[in-house]
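Structure first, commentary second.
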Amino acid sequence: MAAKYKSYSIGNIHNIPGINVLEDSMIEDIKLVAEIYPFKTNNYVLENLIDWDNFVNDPIFRLNFPAREMLTNEDFEQLRLGRERMSVDEYQQLINDIRVGLNPHPAGQSSFNIPFDNGVKLEGIQHKYKTTVLFFPSHNQTCHAYCTFCFRWPQFVSGLNMKIQAKETEPLINYLKANKCITDVLITGGDPMVMNSRILESYIDTLLEVDSIETIRIGTKSLSFWPHKFVDEEDADKLLAVLKKVVDAGKHLAIMAHFNHGVELSSSLVATAILNLKKIGAEIRTQGPLLKSINNSSNVWADMWKKQVQLGCVPYYMFLPRDTGAQHYFAETLPNALKIYREAIQQVSGLARTARGPVMSVVTGKVEVLDIKNDVYYLRYLQHRSPEETYKIFLGKSKVEAPTWFSDLEYINEEDAHLFI
Ligand code: SF4
């Protein structure tokens with residue numbers, strides 16, 4: 001029988017099977033925090049990934065359900081009082097103000113990455129690195145469930161009017177044809193794997209018209225949140241056939257799969273989904289952020305990378321949570337993050353040492369922390385807006401006691417000053 005997707009949000013949170021194990025006050029906290037951050041889950045996550053007998057410590061519960069601590073005490077109290085005392089308009093304004101204060105578009109996404117064509121801003125497209133363009137189709141600015149730490153949280157909330165999305169493909173295609181140095185298109189969002197095969201096909205067919213495109217990447221967490229997509233959903237066979245068109249056209253199909261914990265890889269359904277993607281010629285690379293209270297343990301990462309390699313995936317990035325939303329709640333200090341990465345990578349075979357980390361996506365590029373010795377940070381850009389700046393080692397020092405992000409560092413040598421902008 002075909003798998004049926006069942007979605008839950010704040011509106012029907014009380015219908016979630018198992019939710020009764022939460023105290024009423026905890027559900028009220030979730031509801032209040034979800035005024036700011038989006039909340040959505042589904043029957044697969046609830047039934048297969050969360051251990052309801054120990055939900056308080058469960059990594060996937062924490063990954064999927066908003067927590068009180070994701071807001072500062074001040075914001076939480078303002079909201080609580082505002083809900084009781086403010087008019088609807090005043091309350092919405094308060095929500096918007098809090099959201100704007102959470103840096104909804106980190107790393108200069110809305111100011112530096114959006115390309116122009118003859119002076120016209122190309123909506124729903126980002127071009128940061130020379131060879132790669134990100135494309136945000138309007139059809140997939142949602143996900144099968146939402147992650148509490150997601151740096152794309154403004155994509156899923158109303159009221160901010162800050163969504164990055166493209167309603168048409170023509171500007172993208174024109175831009176790609178005019179910029180032949182672009183070889184890779186990453187379809188992202190949201191999760192492109194919420195699209196049905198018919199809609200996805202229209203995007204894939206259009207992209208395949210551009211000869212200079214060599215790789216189509218698809219950023220997705222569906223292998224974790226809804227693996228039925230590639231196995232036994234009604235549309236699964238057709239969807240796989242659409243994806244296979246990329247390979248049949250002689251292009252590379254890269255599934256950029258998002259995983260945060262080994263438990264997400266534990267079901268036979270995920271293994272089958274991965275196998276089905278590999279059968280059509282897709283390469284699956286895995287990535288995800290290091291998060292306090294979810295996966296801040298070297299053993300968790302080592303086990304996850306080992307399992308990924310066993311299933312035929314290629315570990316790619318250990319990111320650090322970006323400077324948006326509840327970063328204060330999820331971020332490890334840079335020294336801790338490096339220690340966790342090292343102790344994880346030391347446990348795995350060479351095949352899993354393709355995982356790079358800890359890495360920060362910042363305004364200028366992707367910065368890797370290579371080492372920290374005597375308070376000197378050894379850094380390099382794995383990606384930079386200017387390709388000539390990549391892979392050069394440069395030095396930094398911390399401006400604060402417990403640095404968690406690149407902006408907490410500053411240059412040591414004047415010649416490196418431009419790398420800290
Ligand atoms: S699935 Fe990806 S895009 Fe969606 S909420 Fe999670 S991290 Fe964000």
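Quick check: anything in the range 142-153 at pLDDT 95 or above and touching a strand residue (DSSP E or B) at 6+ places or on another chain (Cβ under 6 Å)? Scanning the range 142-153 turns up at least one residue that is at pLDDT 95 or above and touching a strand residue (DSSP E or B) at 6+ places or on another chain (Cβ under 6 Å).
Go through the range 318-356 and count every residue that is of a type in the set (A, V, I, L, M, F, W, C) and over 20 Å from Arg62 (Cα atoms). Give the steps one after another, and end with the answer.
Going through the range 318-356, the residues of a type in the set (A, V, I, L, M, F, W, C) turn out to be 318-320, 326, 330-331, 334, 337-338, 340, 344-345, 348, 351-352, 355.
Okay, now just the ones that are also over 20 Å from Arg62 (Cα atoms), so 334, 338, 344-345, 348, 351-352, 355.
Selection size over the range 318-356: 8.
In the condition set (1) more than 19 Å from Ile218 (Cα to Cα); (2) within 12 Å of the ligand (Cβ to nearest atom); (3) charged (D, E, K, R), Asp191 is compliant with all but (1).
Out of the residues in the range 261-277 meeting the condition of being of a type outside the set (Gly, Ala, Ser) and over 18 Å from Arg62 (Cα atoms), tell me which one is surrounded by the fewest Cβ atoms within 10 Å (Cβ to Cβ). Outline the logic, then answer.
Filtering the range 261-277 for residues of a type outside the set (Gly, Ala, Ser) gives 261, 263-265, 269-270, 272, 274-277.
Narrowing further to those that are over 18 Å from Arg62 (Cα atoms): 269-270, 272, 274-277.
Numbers: Leu269: 18, Val270: 21, Thr272: 15, Ile274: 23, Leu275: 13, Asn276: 19, Leu277: 23.
Per the criteria, the residue is Leu275.
Residue-wise test of (1) more than 28 Å from Lys307 (Cβ to Cβ); (2) touching a Gly at 6+ places or on another chain (Cβ under 8 Å); (3) at pLDDT 95 or above; (4) assigned by TED's automatic domain parsing to the domain that holds Ile284.
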{"position": "Ala352", "(1), (2), (3), (4)": "no, no, yes, yes"}
{"position": "Ala355", "(1), (2), (3), (4)": "no, no, yes, yes"}
{"position": "Lys366", "(1), (2), (3), (4)": "no, no, yes, no"}
{"position": "Asn374", "(1), (2), (3), (4)": "yes, no, yes, no"}
{"position": "Tyr377", "(1), (2), (3), (4)": "yes, yes, yes, no"}
{"position": "Arg380", "(1), (2), (3), (4)": "yes, no, yes, no"}
{"position": "Tyr391", "(1), (2), (3), (4)": "yes, no, yes, no"}
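When the residues of the range 136-153 are filtered to those that are within 14 Å of the ligand (Cβ to nearest atom) and without any contact (Cβ under 8 Å) to a residue 60 or more places away in the chain, the one that is surrounded by the fewest Cβ atoms within 10 Å (Cβ to Cβ) is Gln141.
Out of the residues in the range 155-166 that are away from the ligand (no atom under 11 Å from the Cβ) and of a type outside the set (S, T, N, Q), which is surrounded by the fewest Cβ atoms within 10 Å (Cβ to Cβ)? Quick ask: steps written out before the conclusion?
Initial filter on the range 155-166 (away from the ligand (no atom under 11 Å from the Cβ)): 157-166.
Filter once more, so that each one left must be of a type outside the set (S, T, N, Q): 157, 159-160, 162-164, 166.
Values: Val157: 19, Gly159: 11, Leu160: 15, Met162: 14, Lys163: 18, Ile164: 24, Ala166: 19.
Looking at the filtered set, the residue picked out is Gly159.
Inspect all residues belonging to the range 309-330 and state whether any of them is more than 17 Å from the chain's Cα centre (by Cα), among the hydrophobic types (A, V, I, L, M, F, W, C) and part of a helix (DSSP H, G or I). The answer is yes; a qualifying residue exists.
Select the helices (runs of 4 or more DSSP H) contained entirely in the range 154-250, then report the ones holding at least 2 residues which are in contact (Cβ under 8 Å) with a residue 40 or more places away in the chain, over 23 Å from Ala2 (Cβ atoms) and over 24 Å from the mean Cα position of the chain (by Cα). Full working, then the answer.
Values: elements: 170-178, 197-208, 222-225, 236-248.
Output list reads 170-178, 197-208.
Criterion first (more than 14 Å from the ligand (Cβ to nearest atom) and crowded, with 21+ Cβ neighbours inside 10 Å) does Leu71 satisfy it? Taking the combined requirement at face value, the residue satisfies it.
Give Ile218, Ile213 a once-over and let me know the one that is outside the structural domain of Glu47 (by TED's automatic domain parsing), buried (at least 19 other Cβ atoms within 10 Å of the Cβ), modelled with pLDDT of 95 or more and away from the ligand (no atom under 16 Å from the Cβ).
Values: Ile218 fails: away from the ligand (no atom under 16 Å from the Cβ).
Just a single option satisfies the conditions, and that option is Ile213.
Scanning the range 9-25 turns up no residue that is acidic (Asp, Glu), out of contact with any strand residue (DSSP E or B) (no Cβ under 8 Å at 6 or more places or on another chain) and surrounded by 14 or more Cβ atoms within 10 Å (Cβ to Cβ). Candidates in the range 21-45 are the residues that are outside any loop (DSSP other than H, G, I, E, B) and farther than 25 Å from Tyr91 by Cα; of these, the one that is farthest from the ligand (Cβ to nearest atom) is Val21.
The values are calculated or read from the model by the stated rules, or taken from the named source; none is laboratory data. Here the structure is a predicted model, which is why all the values come from computation and not from measurement. In this analysis, Cβ positions are derived from the backbone assuming ideal geometry, glycine residues included, and neighbour counts consider all displayed protein chains.
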